[in-house]
Amino acid sequence: MIEYLGFNPEVLLLLVAEVALLLVSGMMSSSEVAYFSLTPAEIRRIKRGGSVATDSAAKLLSSPDMLLATILVVNNMVNIGTVVLSTQILDSLFVFHRFGFLINTVVVTFLLLLCGEVLPKVFAQGSTLRVALWFAQPLTLLKWLVYPLSLALVKTSTVVSERLSQKSNEISIEDLADAVDMTTATSSEEQKILSGIVNFASREVEEIMRPRMDIVAVEQTMSFEEVKQIITSSGYSRLPVYAESIDNIKGTLFVKDLIKHANRGDDFGWQSLIRDPYIVPMHKQITSLLEDFRSDKVHMAIVVDEYGATQGLLTLEDILEEVVGEISDESDTDESFYERIDNNTYIFDGKTHIVDMLRVLQLDDELFEDVQGRAETIAGLMLEIKRNFLKKGEQLSSHNIRFVVVAIEGHRIDKIKVITPNHD
């Protein structure tokens, strides 16, 4: 199975070269352990200098990436040479009739692990400073011999690590939401604000706008007295102005512009005070709109669809309420968008946003995500589920939540009873 061919001078030279390569491999392995296991005190001792060895070691430590690259490059080159020489030596001494490749692999692997890795590293662990100083000058020489390869390795690894670090630093909205949900060191109010901030970035204008039917606006041909009455009854500081139809917005009327003309007669041409409207598409991101509000010093936007038809209205206050919750001022009434009947029964306005309802019910914001389609309000959700108009008293259920139509105004679902599970 194995035939011995005899020893010759060529094999002796190969053995000497093999031993030399194993010594270099051992030096690289022990140097890696020594330099990267130095204690802070040992590093300070090296940096104080005092000898050629400490000066060389200090220079190597000043660039740890290049040091590691040098060790890896030299060690891999030496290991490749060791494998080639070991195979040649075995082939010169023996003829393996069977399993020759397997025997060569086992012998070479054993030599590399024992003499090039295990023993040198065990030795270096016991005397890191001494080994670091012993091999400081040889490593400095090798550093310059393999400098191009080491530099290429360092540059490549830097690019890869930067890419990976950028990816690892990217946190999804879902991750942030989960982190907020697991937060226990904050109050419920603070947690609500954190949740609002997390959800803020992913929301679009249409999700929080005041719908078209709830817009309070003035017609361009109205008298000054009629305009003042609308302003007084609405309590708003800015009102859209339209011509003939709400789809034809001409501008915005600022109440502050009218104050100094409050005593003028009914024939006063208030239309001269109209400012240009700020129009935005309904799919615009809220974050982008907020930045526009800040840069353009605007507080109200008219929301239109792809055909230019008015779909709603959005103010700076509406955006802020998405983060901090409802903001009330002295002109607001105490009217709420819902009424609690008992622990499991609520009466909501049909125009209430689905997310607002779920927060009141303390349910997951995405509970109805699979059935709500493009609906944003409770009334819209019911229409999506029913796929048809509903009548007063009609009810339907989804995800163990029961909805009952309480009141209808025209073709609009005005009031909805919402019943959660476990209702008696």
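Estimated at 0.36 nm per residue, the fully extended path between residue 414 and residue 263 surpasses their Cα-Cα distance by 50.5 nm.
For region 349-368, list residues with backbone N below 18 Å from a point placed 7 Å from the Cα of residue 395 toward its Cβ? So the set is 349-350.
Taking 0.36 nm per residue of separation and subtracting the Cα-Cα distance, full extension of the segment from residue 123 to residue 39 would add 28.6 nm.
With a cut-off of 19 Å on the backbone N, the residues of region 389-419 near the modelled label site 7 Å out from residue 345 along Cα-Cβ are 392-398, 400-408, 414-419.
Shown here: region 340-379, whose C-alpha atoms stretch 30, 19, 13 Å along the first, second and third principal axes, sorted largest to smallest.
No lab work stands behind these numbers, since they all come straight from the coordinates. The model shown is predicted, which means the values in this text are computed figures rather than measured ones. Backbone-built Cβ (ideal geometry, glycine too); neighbour counts: all protein chains shown.
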